[in-house]
1. Hull surface divided by four, with the convex hull built on the Cα atoms of segment 177-298: how many nm²?
2. On each of the three principal axes of the Cα atoms of segment 3-80, give max minus min coordinate, whole Å, ordered largest first.
3. Leaving ligands and nucleic acids out of the surface, order Thr125, Thr21, Thr174, Thr213 by accessible area at 1.4 Å, largest first.
4. With N set to the number of residues, divide the alpha-carbon radius of gyration of the chain by 2.2 N^0.38 Å and report two decimals.
5. State, in angstrom, two size descriptors of segment 22-171 derived from its alpha carbons: Rg to one decimal place and Dmax to the nearest whole number.
6. Please report the equivalent ellipsoid semi-axes of segment 105-243, computed as sqrt(5 x eigenvalue) of the Cα gyration tensor, largest first, in whole Å.
7. To the nearest 10 square angstrom, how much accessible area does Arg50 have with a 1.4 angstrom probe?
8. Leaving ligands and nucleic acids out of the surface, order His17, His116, His107 by accessible area at 1.4 Å, largest first.
Amino acid sequence: MDIRHLEIFLTLAELRHFGRTSQACNLSPSALTRTIQRLEEELGQPLFIRDKRQVALSAAGEEFRTYARRTVQEWHAMRSSLQREGGLSGSLSIYASVTAVYSLLPHLLEAFRSAHREVQLELRTGVAEQAVALVQSGDIDLAVAALPDRYRAQLQFLPIINTPLLFIEPLQSTTELPLKNGIIDLSRVPLVVPQRGLSRRRLDQWLKERRITPNITSEVSGNEALIAMVRLGCGIGIVPELVLARSPFREEVRILENGPALDPYVVGLCSSKRNLQRPAVQAFWQLAVERSGGKVNF
């Protein structure tokens, strides 16, 4: 079992398609099949469940993927450390929302790229709610994430910025919102809320403490999608100020002054203690510390 075979397995585990994987790995279909069969023979377990329509990981395959990721990462980390006299090399994967890519990462990425041109950067974007889970699973080296409200073992967090949670409505709305004790009555207005994540948990907690049953009309994945739904008139919504400031729809919604006061987000870098032992991850983290004046927290 060698590193190349593990990398091929990880590619197939991600693409879930033998044809695309053989192209991505520059292998013939038969060579790819033999590689997977050899791994399965060594382990004594099937790694994939195959049928005519799809390829899926088996239970053993899911467990083996965790091992393969860790082994490949440690191999590249060791090779990088052996080459340190010539500068950092290897790879560095970063996950962030589109908003974070535009607002928090540009200067960090430029500075890191300038100092360490031999490091291969992989930047993945998606909804912010997935960031911590991707770090914990080992899919990503670093992520831009909101500081979780519960302790997560084996994680490190570097605060970069605080951003308030705001309630917004369509700019063209002429409806006078009902108030209760000077605050918008969330039991009587349509609400657009995140499906999951920190802002949803804080809103749910606020409602629970006051025994309010909200009028939720729409649940969305991602803050950017939430702003778009509010703009369409689907209801009022809750969104971090940082996201609203970068949204292309920011001029088409307005902030509500009478919304509930929820604790702000603390946004920063998140990584695992294991990943922070890798030279490339250490270098990016230290650069962020120097530029933010922050300290490693968690």
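The values are calculated or read from the model by the stated rules, or taken from the named source; none is laboratory data. Computed from a predicted model, the values in this text were never measured in an experiment. For neighbour counting, all protein chains shown are included, and Cβ atoms are generated from backbone atoms with ideal geometry for every residue, glycine included. These area figures cover heavy atoms from the full protein model, side chains too; ligands, DNA and RNA do not enter into them. Shrake-Rupley method; radii C 1.70, N 1.55, O 1.52, S 1.80 Å.
1. Here the figure is 9.7 nm², rounded to one decimal.
2. 41, 27, 19
3. Thr174, Thr213, Thr125, Thr21
4. Normalised by 2.2 N^0.38 Å, the Cα Rg of the chain equals 1.19.
5. For segment 22-171, the Cα-based Rg and Dmax read 19.6, 62 Å.
6. 35, 18, 13
7. Accessible surface of Arg50 is approximately 110 Å².
8. His107, His17, His116
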